[in-house]
Amino acid sequence: MSNAQTVPATGTPTTDALPAKNYKMIDALDHQLRVYDEGPTDAPTLVMFHGAPHNSLEFRFNVPALVQAGYRVVIPEHLGAGGSDRPENVELYAGHHDYERALAVVDALGIDTFYVEGGDRGSLPLWMLAALNPERVLGLISENVSHLNGFFIDPALDQRKRSWYMSYFQFEAAEEALRANDWALAREFFDWHPDMEHIIADWERPNGLNASWLNWYHATVHPDHAPKAEPLLDVSVPVLQLYSMNDPYIGPEQLITGREFIKGPFTLKRIGGAGHFIARNAPDVFNREVITWLDARESERRGN
């Protein structure tokens, strides 16, 4: 099954936090991750992976609707982000370790099967969980990034151009340049981002800038640290691919190249004007499309 539809981005966020009582610390590969967990423990679970730079607050406009719709929402804050540990060892931030820590989190919570959602940095654990654990992942919802083989193995020229910043961040001067003049360069780079004050608060903690943002690029892209990119297995679970047509960093070509490795039911929703972080920038349409899709999957799973 495959279909494509374009929907407008709408919605005005109305809250600035998630309830503190729903956070917990979980040990994942010898490091503590802060994890947001809300909803009935016997409800279908959606594990959401935030991008970088950000933390669980990326989904603060989505959690209430998802829980009200009958889902349990789990948001692990990546190593270095939010309230999670911020070690200095660069290799710990490689994308495949995000996957391993994500698996450790769901195991620690006693969650057997679950849906996954994410984008940006969250794309690696998202797609790896679905490819490597199809017996546990009930379905996958991706923001902009298609199957990783389409992005990392042989990206199109347009995508290479869009990813220029990954090379810039390898230079030692990048950290100093980003910090200068009250984060002037960083603010210009993210002039579209509505959550810069949350992000800068993360950066200003000890080891904050490297841990919550730059180390992922150092570990995942830099040849001194990054493992050789190997093709990921095909994904057979149902996929809802959300794509924002004005994402400045993720081009449409990878939707085509990545589609080759998606073998299960596939739905594409093109969303106008939602930028790089769809859940954050277009919460109303995100919540509607995701809940509709999840409800359909649950109905199929239960034989209704």
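Scanning the stretch 173-195 for residues that are of a type in the set (A, V, I, L, M, F, W, C) and over 28 Å from A282 (Cα atoms) yields A173, A174, A177, A180. Cβ-Cβ contacts under 9 Å between residues 6 or more apart (or on different chains), taken from a first residue in the stretch 197-211 that is of a type in the set (K, R) to a second residue that is assigned to a helix (DSSP H, G or I), are listed as R205/A211; R205/S212. Somewhere in the stretch 166-180, is a residue outside any loop (DSSP other than H, G, I, E, B), in contact with a strand residue (DSSP E or B) (Cβ under 9 Å, 6 or more places away or on another chain) and farther than 21 Å from A274 by Cβ? Scanning the stretch 166-180 turns up no residue that is outside any loop (DSSP other than H, G, I, E, B), in contact with a strand residue (DSSP E or B) (Cβ under 9 Å, 6 or more places away or on another chain) and farther than 21 Å from A274 by Cβ.
Is the stretch 212-234 home to any residue that is surrounded by fewer than 17 Cβ atoms within 10 Å (Cβ to Cβ), modelled with pLDDT of 90 or more and closer than 22 Å to R162 by Cα? No; the residues of the stretch 212-234 include none that is surrounded by fewer than 17 Cβ atoms within 10 Å (Cβ to Cβ), modelled with pLDDT of 90 or more and closer than 22 Å to R162 by Cα. Among residues of the stretch 63-77 being in contact with a helix residue (DSSP H, G or I) (Cβ under 6 Å, 6 or more places away or on another chain) and part of a loop (DSSP other than H, G, I, E, B), the one that is nearest to D16 (Cα to Cα) is E77. Scanning the stretch 78-122 for residues that are of a type in the set (D, E), farther than 24 Å from F286 by Cα and not in a helix (DSSP H, G or I) yields D85, E88, D112. For beta carbons closer than 9 Å, sequence separation of 6+ or different chains, a first residue in the stretch 54-69 that is closer than 24 Å to E197 by Cβ and touching a residue at least 24 places away in the same chain (Cβ under 8 Å) and a second that is among the aromatic types (F, W, Y) and assigned to a loop (DSSP other than H, G, I, E, B), the qualifying pairs are H54/F277; E58/F277. Going residue by residue through the stretch 275-283, is there one that turns out to be within 18 Å of A52 (Cβ to Cβ), in contact with a Pro (Cβ under 9 Å, 6 or more places away or on another chain) and among the basic types (K, R)? Yes; the residues of the stretch 275-283 include at least one that is within 18 Å of A52 (Cβ to Cβ), in contact with a Pro (Cβ under 9 Å, 6 or more places away or on another chain) and among the basic types (K, R). All conditions in (1) modelled with pLDDT of 95 or more; (2) more than 20 Å from A211 (Cβ to Cβ); (3) in contact with an Asp or Glu (Cβ under 9 Å, 6 or more places away or on another chain) hold for D42, with the sole exception of (3). Just checking, does the stretch 263-284 include any residue being in contact with a helix residue (DSSP H, G or I) (Cβ under 6 Å, 6 or more places away or on another chain), modelled with pLDDT of 90 or more and farther than 23 Å from S56 by Cβ? Within the stretch 263-284 (the criterion being in contact with a helix residue (DSSP H, G or I) (Cβ under 6 Å, 6 or more places away or on another chain), modelled with pLDDT of 90 or more and farther than 23 Å from S56 by Cβ), the answer is yes, since at least one residue qualifies.
Can we say D202 is at pLDDT 85 or above, part of a helix (DSSP H, G or I) and under 18 Å from the mean Cα position of the chain (by Cα)? Answer is yes for this residue.
Table: residues versus (1) surrounded by fewer than 22 Cβ atoms within 10 Å (Cβ to Cβ); (2) without any contact (Cβ under 8 Å) to a residue 60 or more places away in the chain.
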| residue | (1), (2) |
| --- | --- |
| E88 | yes, no |
| Y93 | no, no |
| A104 | yes, no |
| D107 | yes, yes |
| N144 | no, no |
| H147 | no, no |
| R162 | yes, no |
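The values are calculated or read from the model by the stated rules, or taken from the named source; none is laboratory data. Here the structure is a predicted model, which is why all the values come from computation and not from measurement. Because the Cβ atoms are built from the backbone with ideal geometry, glycine has one as well, and the counts that use them run over all protein chains shown.
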